[in-house]
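All remarks here apply to the structure that follows.
Every number in this text was worked out from the coordinates using simple rules, so none of it is lab data. The structure presented is a predicted model; accordingly, all values stated were derived computationally and were not measured. Note: ideal-geometry Cβ built from the backbone for every residue, glycine included; neighbour counts use all protein chains shown.
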Amino acid sequence: MVLLPDEYDAEFTEVDEAGVVHEWRDRIAGESWDEGPLTLSLRDVDASGWCDGFNVVIHEVAHKLDLTNGAMNGKPRLHPDQDAEAWRRTFSDVFESLQRSGGSDLVDEYALQDPAEFFASMSELFFELPGPLSEALPGMYAQLQAFYRQDPRARLN
């Protein structure tokens, strides 16, 4: 793990479906690399954990969990007793519905960039705002509850 005092500039490169290379810089609070460290801004770590839906630690650790199936794609390795088709269907349906509507009061546009960001952002909401997530997206909440092994009788705030 690498801890930095504040947000930092990161360079990104992406090749689109047409083979065009896109390069850009962005200010970020954290990163999770396929075969590298977790990088976090200490300022954003301090701003996390206030039950407001933002938690850079949960977000970046969720990316690491996402990689357990070999790719950062919103499909982590599930527990043997989890229904992979129910997971896929729930995440796909909610993701696509929210993309069509442009998000919601609970789910912002950042979460809708791609399935990996969606999974990480939903994980943040699961731990930071469980009551609102359970109320707004009960199927999503149930899938995350099974994944994170939370007792279904847990009290939601």
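Table for the structure above
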| item | result |
| --- | --- |
| Residues MET122, MET140 arranged by fewest to most Cβ contacts within 10 Å | MET140, MET122 |
| Added length on full extension, which subtracts the Cα-Cα distance from 0.36 nm per residue, SER92 to ARG149 | 18.4 nm |
| Choice from PRO132, PRO115, PRO80 with maximal GNM fluctuation in the chain (Cα, 10 Å cutoff) | PRO80 |
| Full-extension gain in nm, ARG100 to ASP114, via 0.36 nm per residue minus C-alpha separation | 3.7 nm |
| Value of relative contact order over region 2-147, rounded to a whole percent, pairs C-alpha under 8 Å and six or more apart | 20 |
| Expected 222 nm ellipticity per residue - DSSP helices of 4 or more, -39500 (n - 2.57), all of the chain, to 500 | -12500 deg cm²/dmol |
| Percent of Cα pairs exceeding the 18 Å cut-off, where the set is the chain | 61 |
| Environment charge at ASP16 (Cβ cut-off 13 Å; Lys +1, Arg +1, Asp -1, Glu -1) | -4 |
| Candidates GLN143, GLN99, GLN113, ranked by Gaussian network fluctuation over the chain, Cα under 10 Å, top entry | GLN113 |
| Positive-end residue, region 1-45 charge dipole about Cα centroid, Cβ charges, pick of ALA10, VAL45, HIS22 | VAL45 |
| C-alpha long axis of helix 84-101 to longest principal axis of the chain, angle in ° | 70 |
| Taking LEU144, LEU129 and counting other C-beta atoms within 10 Å, the order from fewest to most | LEU129, LEU144 |
| Around ASP26: net Lys/Arg minus Asp/Glu count, Cβ-Cβ under 9 Å | 0 |
| Student exercise, the chain dipole from Lys, Arg, Asp, Glu Cβ charges, in Debye to nearest 20 | 760 |
| Charge tally in the Cβ shell below 12 Å around VAL94, where Lys, Arg are +1 and Asp, Glu are -1, VAL94 excluded | +1 |
| Exposed-loop-free span, longest in the chain, where trypsin sites (Lys or Arg not before Pro) count as exposed if DSSP calls them loop and at most 14 other C-beta atoms lie within 10 Å | 1-76 |
| Label-zone membership for region 111-133, site TRP33, 7 angstrom Cα→C-beta point, backbone N under 20 Å | 117 |
| Max mean-square fluctuation residue, GNM over the chain, Cα-Cα springs under 10 Å, options GLY19, GLY131, GLY102 | GLY19 |
